[in-house]
Structure formats: C-alpha cells, structure tokens
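For reference, the structure discussed in these notes is given below.
Computed from the coordinates by the stated procedures, all read-outs in this text should not be read as laboratory data. Everything numeric in this text was worked out from a predicted model, so none of it was measured. All Cβ positions, even for glycine, are placed from backbone atoms using ideal geometry, and neighbour counts span all protein chains on display.
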Amino acid sequence: AIDLLKIVYEKQMKLIAHWMRVGFIHGVMNTDNMTISGETIDYGPCAFMDTYNPDTVFSSIDLQGRYAYFNQPAITKWNLERFAESLLPLISRNREKAIKTATEIMSSFPNKYKIVWVSMMKNKLGIIGDNSDDENLIAELLNWMFVNKIDYTNTFCYLMNELFIDKSVYKDKQFLSWKKKWEKRRLNDNTIENSIKLMREVNPLIIPRNYLVEEALKSATEFNDMTKVKKLSQIYKNPYEKTSEISVYQELPASKNEKYQTYCGT
C-alpha cells in the first residue's frame, strides 16, 4: 500500500507539472476525476490559458477558484491525501502508525512538486544545469506576463523564434532587460542549439484556443457542419510541429478581457 501511494503520488505530480507546462486548466478536479494511472480524464470544462494569470478559471461552476490554474498542484495534494486515507487499513493495522506513515509521505509533496515544476520551467526556457538565480529568472518572466497580460504559450514561441504573428509586445523595455539576463544564463551550461532543441521539445507552438474551439462547436451544433471540428482535431494532433497555417492558430482572441466560460457538457 505504501508503494502504491508513492507511485500514484509521483504519477500525479508529474501529470500536474505537464498541465502547468502547457497552460491546461482541468476545471473539475474532484477526487473521482483523478486516476491511479496518472492520466487525465473528464475533459468537460477544461480549457487552455491564453493570457498568463495564475488565477485563471474557466469552469462555470468553479465560483471560488478552487481549481484555478496555479491552485491545481494544491488540489492534487488534497486529492492524494484522500486517497492515502483510503489506504490506511492496508498501510498498517495500527491506525496511528498508518496515519503517521501516510502523513510523512504526503508532507513532502510541496517541496518535491516545486523541484519538478522548476525543472519543467527551466526546460521551457532552454536552461540546463543549476544556478541559484534560476527561480528568480522564472518568476520575473511570469510576473511580467501577468502584469502586462501577455500570452503564455506565444511568449515561449517568441523565445524560440517560432512566433509568426505580431511581436510588438516583446519590445517592452522590462522584457528586453529580462531577455538579456536569460540569454546570458542559458549559455552558461549550454549552447544555443541545445537550448532551442530542449525548448522545442516542451513548448507547444499552438494550443486549442478557446475562441477557435467555440467557433468549431458552434458550427457543429448549430449548423451541423463538422468541417472546423475535423480541422482542429487534425491540427492539434501535432502541436509541436510547424505548418504553413501555424500563424492562424497562434492568433489571440479579439478581446483579451473576454470572460470565457466552460461547462461540464462542453
């Protein structure tokens, strides 16, 4: 039972890090929507974040932001703790001993997840090796995106020279100052070629933009036209590959401030 808990713990921790990597917001992280196999299930109200905001919520029923983007790791820990409770009789016949063992395992989650998350973010930035200032470099970029309402996915595409739409937002002085530090840092333990290769392995060039998904759903449900649904289904099979149409799928919605909501039936 202890080994099972540890395995599920590791699988879920890595899964959530991947969600965070691509800006995926599940929207309904009930305990019954988490698997011991570490796979994502129940795609009802899920959506991908455009503008970077840690508090992003799409699900219409998540009024308190319980399942907000940056709260997903904490909810994962909470769910795993409920799973651990169900295993207590199998961990030890002595209930106090079982609780102590499970608690010790689960108490390590925040620190272990942070290590996984930092490593993931360094990969997104093409940084190899360790530096005491790496976390500050990551935080500075995320804060700039948040304050200036900048697109999460496209920012990493820009850093890889794979952004094919308007790049004017990246002429900002604060961003350029950060970019100089980043360029210097990634050359410390790396080459440009290796850095870009690493970045391209973990940064999707496109994500299912909510407005495009909505257009496709509307065509299908209101006009019985599956053309857009089939097109999106095809294009999103290979989100890391550059195509001749890529700029269309990197375009942002007309209104950044539009409040997009998803539903369990979506």
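Here the Karplus relation 6.51 cos²θ - 1.76 cosθ + 1.60, evaluated at θ = phi - 60°, turns the backbone of region 70-78 into coupling constants of 7, 9, 4, x, 5, 5, 4, 4, 4 Hz, with x for every Gly and Pro. Which of rounded, prolate or oblate describes the chain when judged by the alpha-carbon gyration tensor and an a/c cut-off of 1.5? Oblate, because a/c is 1.5 or more while a/b does not exceed b/c. Nearest 10 degrees, 0 to 90: what angle lies between the long axis of helix 192-202 and the longest principal axis of the chain (Cα atoms)? Helix 192-202 sits roughly 60 degrees off the main axis of the chain.
Here the Karplus curve 6.51 cos²θ - 1.76 cosθ + 1.60, taken at θ = phi - 60°, turns the phi angles of region 21-30 into couplings of 4, 9, x, 7, 10, 5, x, 8, 7, 5 Hz, with x standing for Gly and Pro.
The label point for residue 119 and the one for residue 133, both projected 7 Å from the Cα toward the Cβ, are 2.5 nm apart.
Hey, how many Å between the Cα centroid of region 11-47 and the Cα centroid of region 118-153? If we compute the Cα centre of each part, the gap is 22 Å.
Residues whose amide H falls under 5 Å from that of residue 52, counting only those 5 or more places apart or on a different chain, are 150, 151, 152, with hydrogens built in the peptide plane. Return the long-range amide H neighbours of residue 262 (sequence gap of 5 or more, or a different chain), with a cut-off of under 5 Å between placed amide H atoms. It is 59, 60, by chain and number.
Here is the P(r) of region 2-116: all C-alpha pair distances, binned every 5 Å from 0, give 2, 12, 22, 22, 18, 12, 7, 4, 1, 0 in whole percents. Under a model in which nothing but the beta-carbon of Lys, Arg (+1) and Asp, Glu (-1) is charged, region 210-250 shows a dipole of about 160 debye around its Cα centre. For the peptides 231-238, 76-83, the ranking by mean Cβ contacts within 10 Å, running from highest to lowest, is 76-83, 231-238. When region 84-236 is described by a simple charge dipole with +1 on each Lys and Arg Cβ and -1 on each Asp and Glu Cβ, the residue from 155, 136, 207 located farthest towards its positive end is 136.
Computed from phi, the 3J(HN,Hα) profile of region 147-158 under the Karplus parametrisation 6.51, -1.76, 1.60 (θ = phi - 60°) reads 4, 9, 6, 9, 5, 5, 5, 5, 5, 6, 5, 4 Hz, with x in place of Gly and Pro. Among the listed pairs 124/181; 11/100; 14/149; 77/259, those whose Cα-Cα separation exceeds 25 Å are 14/149; 77/259. Counting Lys and Arg as +1 and Asp and Glu as -1, what is the net charge of the other residues whose Cβ lies under 13 Å from the Cβ of residue 242? Charge balance near residue 242 sits at -2.
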